[in-house]
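Asks: Right, I'll just put the structure down here and ask away after.
The values are calculated or read from the model by the stated rules, or taken from the named source; none is laboratory data. Here the structure is a predicted model, which is why all the values come from computation and not from measurement. Cβ placement follows ideal geometry from the backbone for every residue including glycine, while neighbour counts extend to all protein chains displayed.
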Amino acid sequence: MPGSRVLDGFRLAALRDSGLLDMPPQASLERLNRLAAELLGVPVSLVSLVGERRQFFAGQTGLSQPWAAHRETPLSHSFCKHVVARDAPLLIDDARTDPLVADNLAVRDLDVIAYAGVPLRLDGGETLGSFCAIDSRPRCWSGRDLQILTDLAALAADAIELHRARTVDPLCDQLTGLPGRALFETFLARALERVVRREGAVAVVALDLMDFRLINDALGHDAGDTLLLAVADRLRDTLRTEDAVCRSDADHFLVLCDTVDDEADALRVAERLHTAITARPYGLGAEPQLITARVGLAVSTCADAVLDPAELISSATTALADADAAVARTDRSCRARAGSRLRLRNALHGAYRRGEMTLEYQPLVDLRTDRVRGFEALARWHHPQFGNVAPSDFIPVAEGSGEIVALGEWILQRACADLARWRRQHPDADLSVAVNIAPVQLRTATFFDTVATALSDTGVPPDALTLEVTERTLLDDRTAHAQTMHRLRRHGVRIALDDFGTGYSSLAYLTRFPIDLLKIDRSFVAALGDQQNAAALLHGIVTMANGMDLRTVAEGIETETQREQLRDLGCTYGQGYLLGRPSVASEIPGLL
Ligand code: C2E
Ligand code: MG
Ligand code: MG
């Protein structure tokens, strides 16, 4: 199954913006393919653009019919999707014996036996596909082969950039037809020149769709495009003719309000824009979808003129990064806070790929036998400049930016790989691992596959993996959540309700979701010593859980008294500093 990188909305948008999909073969690319075939002594070379459901050959040499005529295959026939998924070169000497691709249909239908592909990466960083060489006989790829392909892929990327610059109107956004960022800045510069000569103010409103990635992931790329078009239409309809709107980034719009009276007036306009795009649902997929958006505002008045368009835009964007308010303005303190959030958000992107992320494991102990039954994986981030950042600070940011989807996939893989190793070392201990899952992750269409792949890649049995969700996930009334959870449960995966007692603690939804384990929040445990009714409440929860055939875990056990009380109350498992602090993976074998 292609990883989430293949389906990444920003990547797919860059692919469409390349202007190459479904276009006639590119002579410059085909020249590079022939060069590759010649230099490497292979029959086939491709420039393959990997889309949501197919790979399209912008250039090729040596393909047999009918593939050469169709110039595309479904992803079932794609080796190149693996290059995109891992964003790294892939060398396969004999596909028939390689577990990654042995059952790939290209082996049968296109006679692909040996394959060498390198990512086709644009200047902006998005990987569109793969530049590859293919042989119908096994072969042992050399370092020189890889070097040649890497150089040719870089040349191919240059050719694609050039093609785009020539064919796409550089001043307008292809999808929405809105002015592009450069044109917008020109409009804004003119408006700012005017404002110093007259009364009034100029405002820039930045809008960011919070759910764009989700829509793309859950409903597909076409629905994402439909959403962007609809948002552009609503913005146009809300504006006066002298105002301008542009799409500055995938899901990011800028609005120029040329004729506002003052800041208060500008704020009203910003609120109107926010209402226009969030108050009514959009017709995407089967059900109407409401979306959320953040809005940032920056104003330049004749008295207090900002003359640099880029500065005004950046102020609006900075205000936007403050997710606390729907419409945020730039005052000084808010700017500082917003600035740090924005920095965190940027720094977080790809942090796991740079080796800044690690996992710590906290033991889960059977309170009746005192034996370690498993571990909860807890994410740790060490940034070269910011130092250690607490999960309570970066997880919400990762959820807001959508980064949690890729990061979560990495965490699942890592945790399962570590568990597999400990299970091999201690075959009798029947160890398990618990991984925290954010609501956004459950909503992506690929989540089930992500979990199933992590399990099959590492050989961990499904019932040794617990996914921890919070009440937030259950209260968010999307049927997709329940469906995915039931599907995972049928696969054998366990589901735990984390931090039970901190939210609504309504028991009704426990029956609607396939929960195996209730994790009682540590605030209950902390109250045990000094609040009389705490023990009664805990007793109630444990009795009720046992009645529903749920196991219970008490979180945050710090004292011997708490441990004894919880055991006597009938709580099955415990976690907490008394039983074991979160530790790095290398220390776990010592604990066992
Ligand atoms: P959580 O899932 O409820 O994790 C338990 C938190 O309680 C951990 O904090 C753990 O270090 C802390 N803890 C454990 N025992 C004790 C104790 O005896 N006393 C006290 N005072 N604290 C204890 P941590 O690691 O800072 O994680 C905080 C939260 O961040 C987690 O709460 C979880 O909601 C989130 N988180 C952490 N890792 C991940 C992750 O990989 N993915 C997602 N989506 N969320 C994560
Ligand atoms: Mg947890
Ligand atoms: Mg918890």
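Asks: Take the conditions of a type in the set (Asp, Glu) and either at positive phi or at pLDDT below 85 (or both) and apply them to Asp418. Does it pass?
Replies: The answer is no for Asp418.
Asks: Go over the candidates Gly387, Gly402 one by one and state the one that is crowded, with 22+ Cβ neighbours inside 10 Å, out of contact with any strand residue (DSSP E or B) (no Cβ under 7 Å at 6 or more places or on another chain), farther than 18 Å from Arg371 by Cα and not aromatic (Phe, Trp, Tyr).
Replies: Result: Gly402 is the single residue among Gly387, Gly402 that is crowded, with 22+ Cβ neighbours inside 10 Å, out of contact with any strand residue (DSSP E or B) (no Cβ under 7 Å at 6 or more places or on another chain), farther than 18 Å from Arg371 by Cα and not aromatic (Phe, Trp, Tyr).
Asks: Looking at this structure, is Val365 away from ligand 3 (no atom under 16 Å from the Cβ), hydrophobic (A, V, I, L, M, F, W, C) and either in the same structural domain as Ala417 (by TED's automatic domain parsing) or within 18 Å of the chain's Cα centre (by Cα) (or both)?
Replies: no
Asks: Take the residues of the stretch 107-130 that are of a type in the set (Val, Ile, Thr) and part of a strand (DSSP E or B): which is nearest to the chain's Cα centre (by Cα)?
Replies: Result: Thr127.
Asks: Quick check on Ala445: is it more than 16 Å from ligand 1 (Cβ to nearest atom), under 20 Å from the mean Cα position of the chain (by Cα) and in the same structural domain as Gln575 (by TED's automatic domain parsing)?
Replies: yes
Asks: I've got another one for you. I'm checking my understanding of the structure. Among residues of the stretch 544-556 that are aliphatic (A, V, I, L, M) and part of a helix (DSSP H, G or I), which one is farthest from ligand 2 (Cβ to nearest atom)?
Replies: Among residues in the stretch 544-556 that are aliphatic (A, V, I, L, M) and part of a helix (DSSP H, G or I), the one farthest from ligand 2 (Cβ to nearest atom) is Met544.
Asks: Is there a residue being of a type in the set (Lys, Arg), within 15 Å of ligand 1 (Cβ to nearest atom) and either touching an Asp or Glu at 6+ places or on another chain (Cβ under 7 Å) or modelled with pLDDT under 90 (or both) anywhere in the stretch 495-517?
Replies: Checking the stretch 495-517: not a single residue is of a type in the set (Lys, Arg), within 15 Å of ligand 1 (Cβ to nearest atom) and either touching an Asp or Glu at 6+ places or on another chain (Cβ under 7 Å) or modelled with pLDDT under 90 (or both).
Asks: Which condition breaks for Asn436 when tested against (1) more than 16 Å from ligand 3 (Cβ to nearest atom); (2) under 17 Å from Trp381 (Cα atoms)?
Replies: (1)
Asks: Considering only the stretch 340-363, state which residues are at pLDDT below 85 and polar (S, T, N, Q).
Replies: Ser340, Asn346
Asks: So Glu199 fits all but one of (1) over 30 Å from Ala27 (Cβ atoms); (2) at pLDDT 80 or above; (3) in the same structural domain as Leu256 (by TED's automatic domain parsing); what number is the exception?
Replies: Here Glu199 meets the rest and fails (2).
Residue by residue, here is whether (1) more than 11 Å from ligand 1 (Cβ to nearest atom); (2) part of a strand (DSSP E or B); (3) at pLDDT below 85 holds:
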{"residue": "Ala526", "(1), (2), (3)": "no, no, no"}
{"residue": "Gly529", "(1), (2), (3)": "yes, no, yes"}
{"residue": "Ala534", "(1), (2), (3)": "yes, no, yes"}
{"residue": "Leu538", "(1), (2), (3)": "yes, no, no"}
{"residue": "Val542", "(1), (2), (3)": "yes, no, no"}
{"residue": "Glu558", "(1), (2), (3)": "no, no, no"}
{"residue": "Asp568", "(1), (2), (3)": "yes, no, no"}
{"residue": "Leu579", "(1), (2), (3)": "no, no, no"}
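Asks: Where the second residue is polar (S, T, N, Q) and assigned to a helix (DSSP H, G or I) and the first is modelled with pLDDT of 80 or more and lies in the stretch 211-235, which pairs have Cβ atoms under 7 Å and are six or more apart or on separate chains?
Replies: So the pair list comes out as Gly224/Asn216.
Asks: What is the one condition in (1) assigned to a helix (DSSP H, G or I); (2) touching an Asp or Glu at 6+ places or on another chain (Cβ under 8 Å); (3) of a type in the set (Val, Ile, Thr) that Thr473 does not satisfy?
Replies: Unmet for Thr473, out of (1) assigned to a helix (DSSP H, G or I); (2) touching an Asp or Glu at 6+ places or on another chain (Cβ under 8 Å); (3) of a type in the set (Val, Ile, Thr): (2).
Asks: Here is a further query. Is it fair to say Gln413 is assigned by TED's automatic domain parsing to the domain that holds Leu517, among the polar types (S, T, N, Q) and modelled with pLDDT of 95 or more?
Replies: yes
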